[in-house]
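Here the structure comes first, spelled out in structure tokens, and everything after it is commentary.
The values are calculated or read from the model by the stated rules, or taken from the named source; none is laboratory data. Owing to the predicted nature of the structure, the values given are computational and were not obtained by experimental measurement. Using ideal geometry, Cβ is built from the backbone for each residue, glycine included, and neighbour counts are taken over all protein chains shown. Only protein heavy atoms, including side chains, enter the accessible area calculation; ligands, DNA and RNA are left aside. Shrake-Rupley method; radii C 1.70, N 1.55, O 1.52, S 1.80 Å.
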Amino acid sequence: NVPEDQADKLLLASWGLPKEVLEKYHSLGVVRMFEWQAECLMLGQVLEGKNLVYSAPTSAGKTLVAELLILKRVLETRKKALLILPFVSVAKEKKSYLQ
């Protein structure tokens, strides 16, 4: 569970993402994340590029965790990232809003 003193970490706005990125997520109805998603992002040195392995049911929100990790690393390091997705339709959807 996310400690009470870090409850703000459930808000996307608390992760240092640019205004444009937050606006896009907000337009899709994503303002907060689940506790387990915030816990994943706060584990060890995940935000510094260390590995993370997590499992959740279909449509539970795994992609959001991956996107936030990728966006933060790309924006902070100015390096490219490779996002591998299982279906062409999902890849097209992600391409349209990650651009």
Practice item. Give the distance, in whole Å, between the Cα centre of segment 1-29 and the Cα centre of segment 52-91. Key: 16 Å
Study note, to complete from the structure: With Lys24 itself left out, Lys, Arg at +1 and Asp, Glu at -1 over residues whose Cβ is under 14 Å from its Cβ give -1
Check your understanding: lysines within cross-link reach of Lys50: Cα-Cα under 18 Å, excluding same-chain residues under 8 positions apart?
Key -> Lys62, Lys72, Lys79, Lys80
Check your understanding: To the nearest 10 degrees, how steep is helix 88-98 against the longest Cα principal axis of the chain, on a 0 to 90 scale?
Key -> 70 degrees
Exercise for review: Beta carbons within 10 angstrom, averaged per residue: use that to sort the peptides 23-33, 52-62, highest first.
Suggested key: 23-33, 52-62
Exercise for review: Using a 10 angstrom cutoff on alpha carbons, build the Gaussian network for the chain and name the most mobile of Ala13, Ala38, Ala81.
Suggested key: Ala81
Exercise for review: Return the aspartates and glutamates within reach of Lys95: Cα separation strictly under 18 angstrom, same-chain partners fewer than 8 residues apart disregarded; answer none if there are no such residues.
Suggested key: Glu20, Glu23, Glu67
Point to revise | For the chain, calculated [θ]222 nm from helices alone, where every DSSP H run of n ≥ 4 adds -39500 (n - 2.57) | key: -13500 deg cm²/dmol
Review point. Ignoring ligands, DNA and RNA, how do Leu22, Leu43 rank by accessible area with a 1.4 Å probe, largest first?
Key: Leu43, Leu22
Practice item. Note down the relative contact order for the chain as a percent, whole number, built from C-alpha pairs under 8 angstrom at least six residues apart. Key: 22 percent
Exercise for review: Calculate the spin-label point distance for Ser14 paired with Leu85, positioning each point 7 Å from the Cα along the beta-carbon direction, and give it in nanometres.
Suggested key: 2.8 nm
Revision key, fill the gap. Lys and Arg at +1, Asp and Glu at -1: neighbours of Val74 with Cβ under 12 Å from its Cβ sum to +3
Review point. How much of the accessible area of the chain, probe 1.4 Å, is carbon plus sulfur, in whole percent?
Key: 55 percent
Check your understanding: Can you give the net charge of the other residues whose Cβ lies under 12 Å from the Cβ of Phe34, counting K and R as +1 and D and E as -1?
Key -> +1
